[in-house]
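Have a look at the structure below, then the notes.
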Amino acid sequence: MAVPAQKHLNAGRLRQPKCALLENVCPMKKAPYLVLFLILFCSLSFSVALWKKETNNRIAAFSSNEGVAYVGFADGTIWAVEMRNGALLWESSIDDAPFAMAADSNSAFVGTEKGKIYSLSAKKGALATVLNISTSSPASYLSSLTLVNPFLFASADGTYLVNTQSSKFRWAFKTGSQSSALGFSQSSVFFESGGNLYSLDASSGQVLWNVSFAPLFLSTPYYSNGVLYAGATDNSFHALDAATGQEIWVYDTGAWVESEPVIYGNSIYFGSNDHNLYSLDKDTGKLIWKFKVDEAIQSPAAVFRAKDRRLVAFTTNDGFLYVLDPSSGKQVLRTSTYGPSRLFTIYGDNILVLSDNGVIGLYSISTSCNVASPVQGELVNKAPVYLSGYAYSQSGISQVQVRINNGSWQSAAGTDRWFYSFDPTTIVAGQFNVECRVVDSQGVAETGHYSSTYYEKSFLASPAKMRILAEPWLVNKHGDAIRLSVLDERRKPIVGATVTAEGKTYITTARPIEFVPTTYNQIRVQASKDGYNDAEILVYNLSEQSPLPLVAGFVAVMAAYYYFFIRKRAGPAQQKPKGK
């Protein structure tokens with residue numbers, strides 16, 4: 001029985017405490033994650049999606065088909081949502097908590113915590129059938145569902161193949177232990193259960209091979225060209241011979257690997273709980289590049305085409321969607337997803353993201369920008385704020401624009417990497433909003449989905465750093481000037497700072513101060529401005545100790561000594577007598 005390649009599967013899966021994949025989501029393993037989420041959601045970071053639904057209900061499973069997202073909530077509620085505009089097509093409910101989902105044009109299948117498979121009408125959500133999977137343990141739940149019409153692969157305390165038309169099992173392979181999500185080749189199914197890695201014939205369920213595998217698989221096994229790839233609890237990523245299960249290579253990360261990998265070209269991409277997305281050579285396991293974020297990456301990696309460009313996307317546990325260039329690892333887009341997320345799918349030129357806290361949003365990747373620095377929620381006071389971020393447009397970027405508190409749009413420097421600075425002294429204390437948007441190569445400004453970041457103006461903000469630059473710092477010629485510049489951390493001139501030297505006061509402008517020292521030797525120069533730490537520097541004046549007068553005096557003394565003591569003491573020369 002032929003099954004589709006792994007990258008074409010579209011089934012929502014959930015495993016506890018294991019895998020969290022492209023269309024599944026893992027429950028939080030630790031209570032502190034809930035606290036982290038609350039902090040993030042109540043923080044000062046937001047971005048504007050094409051559309052957004054806030055459900056206030058934890059999302060437990062997800063699948064999609066033909067532009068419709070089927071969402072399973074932890075309380076048993078099932079939604080069908082039109083991905084184009086977020087419209088709710090229907091709402092239904094089941095008597096159990098969803099853990100995995102799969103859908104086609106006719107049915108939406110929901111696998112539950114108690115080992116049941118519900119079949120709902122894809123058009124109206126009406127309940128059609130309920131199939132009980134006989135489990136050997138109450139803890140065996142449906143960790144994954146994969147639909148290959150008219151059959152449905154399911155993993156619980158083993159692996160099952162169900163005929164969806166008759167609601168009967170074609171075959172069942174029970175292990176007695178909770179099984180991982182399923183990976184597929186064209187004719188085989190792969191999974192881990194009870195510390196063993198299995199390969200079964202997809203048509204008959206017969207065991208092809210079984211090897212002991214001590215580190216448990218956390219990610220869905222991914223098959224490609226005779227090789228099986230998966231992350232595990234031994235803080236590493238493995239490549240195995242799909243015909244035998246023998247290890248080909250292993251790459252060590254810094255933590256568990258739960259992210260489902262994806263292959264593009266000669267590279268394999270996956271995330272790790274060590275906060276990195278990795279790109280490895282799929283044949284050798286050698287590192288090509290890695291991209292660091294601020295939290296664990298448990299979502300899948302997805303490579304997709306946007307117009308004429310390939311991109312790789314993933315989401316993070318601190319609530320961000322990232323889009324990178326797959327060849328270099330360079331960031332193209334970073335935007336908030338309103339909560340920790342492990343579930344997303346590509347929809348045309350957009351990405352649908354489902355966050356753990358129940359927020360569903362559609363994000364544009366045809367035109368987008370974001371504020372990358374400073375970080376959201378940062379406190380500012382009176383020192384200039386230097387913004388930088390990334391922008392992207394499939395039709396090219398002519399300009400990036402920034403505005404403060406719904407004011408007028410101002411041009412930023414740069415395009416795909418942009419920069420902008422502003423003075424917060426005129427902003428009222430408290431929370432304020434910074435937004436950026438892209439104007440494409442045709443002069444069209446994006447509307448409705450530009451990115452927003454919030455900051456807080458507060459007297460609690462740490463003073464900014466300030467430094468004094470003296471050129472030169474030493475003079476030895478009377479009347480020479482020292483040029484004094486007062487700079488911030490970015491080496492930008494600070495205007496309006498007060499500089500004192502030799503009892504005199506100067507006010508800085510964008511140009512250096514011309515300072516002619518009169519005091520001999522060491523001179524202390526000090527600078528201050530509200531909102532900055534004070535700064536000082538020592539300069540030196542040696543002009544009164546020039547060696548030229550000393551040399552001239554020495555020459556004069558030596559000449560006088562020669563004239564008065566050497567020449568006169570010798571007296572006039574004696575003349576010789578003539579004829580002698």
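Values as computed for the structure displayed
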| quantity | calculated |
| --- | --- |
| Search result, residues across the stretch 231-245 that are buried (at least 19 other Cβ atoms within 10 Å of the Cβ), at pLDDT below 95 and part of a loop (DSSP other than H, G, I, E, B) | GLY245 |
| Flag for ASN276 being modelled with pLDDT under 95 and either outside the structural domain of SER224 (by TED's automatic domain parsing) or touching a strand residue (DSSP E or B) at 6+ places or on another chain (Cβ under 9 Å) (or both) | no |
| Test result for ARG437, basic (Lys, Arg), in a loop (DSSP other than H, G, I, E, B), within 21 Å of TYR420 (Cα to Cα) and under 28 Å from the mean Cα position of the chain (by Cα) | no |
| Among residues of the stretch 301-312, those that are assigned to a loop (DSSP other than H, G, I, E, B), crowded, with 21+ Cβ neighbours inside 10 Å and over 14 Å from the mean Cα position of the chain (by Cα), counted | 0 |
| Looking only at the stretch 457-503, and only at residues there that are polar (S, T, N, Q) and modelled with pLDDT under 90, the one that is surrounded by the fewest Cβ atoms within 10 Å (Cβ to Cβ) | SER462 |
| Residues (buried (at least 24 other Cβ atoms within 10 Å of the Cβ) and aliphatic (A, V, I, L, M)) located in the stretch 334-351 | LEU343, ILE351 |
| Where a residue in the stretch 113-135 is in the same structural domain as ALA100 (by TED's automatic domain parsing) and its partner, wherever it lies, is surrounded by fewer than 19 Cβ atoms within 10 Å (Cβ to Cβ) and aromatic (Phe, Trp, Tyr), with Cβ under 6 Å and at least six apart | LYS124/TRP90; GLY125/TRP90 |
| Scope the stretch 276-287; condition touching a residue at least 24 places away in the same chain (Cβ under 8 Å) and not basic (Lys, Arg); matching residues | LEU277, TYR278, SER279, LEU280, THR284, GLY285, LEU287 |
| Matching residues, the stretch 479-532, being under 24 Å from PHE459 (Cβ atoms) and among the charged types (D, E, K, R) | ASP488, GLU489, ARG490, LYS492, LYS529, ASP530 |
| Condition check for SER105: of a type in the set (S, T, N, Q), farther than 24 Å from VAL68 by Cβ and in a loop (DSSP other than H, G, I, E, B) | no |
| From SER279, SER219, residue being buried (at least 22 other Cβ atoms within 10 Å of the Cβ) and under 30 Å from SER395 (Cβ atoms) | SER279 |
| The listed residue being more than 30 Å from ASN405 (Cβ to Cβ), modelled with pLDDT of 90 or more and under 37 Å from the mean Cα position of the chain (by Cα), out of ALA535, ALA527 | ALA535 |
| Options GLU91, GLU82; residue that is of a type in the set (D, E, K, R), at pLDDT 95 or above and under 30 Å from ARG334 (Cβ atoms) | GLU82 |
| Yes/no for ILE268 being buried (at least 24 other Cβ atoms within 10 Å of the Cβ), free of Cβ contacts under 8 Å to residues at least 60 places away in the same chain and touching a strand residue (DSSP E or B) at 6+ places or on another chain (Cβ under 7 Å) | yes |
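The values are calculated or read from the model by the stated rules, or taken from the named source; none is laboratory data. Everything numeric here is computed off the predicted structure, so don't read it as measured data. Quick reminder, even Gly has a Cβ in these numbers, built from the backbone with ideal geometry, and neighbours come from all protein chains shown.
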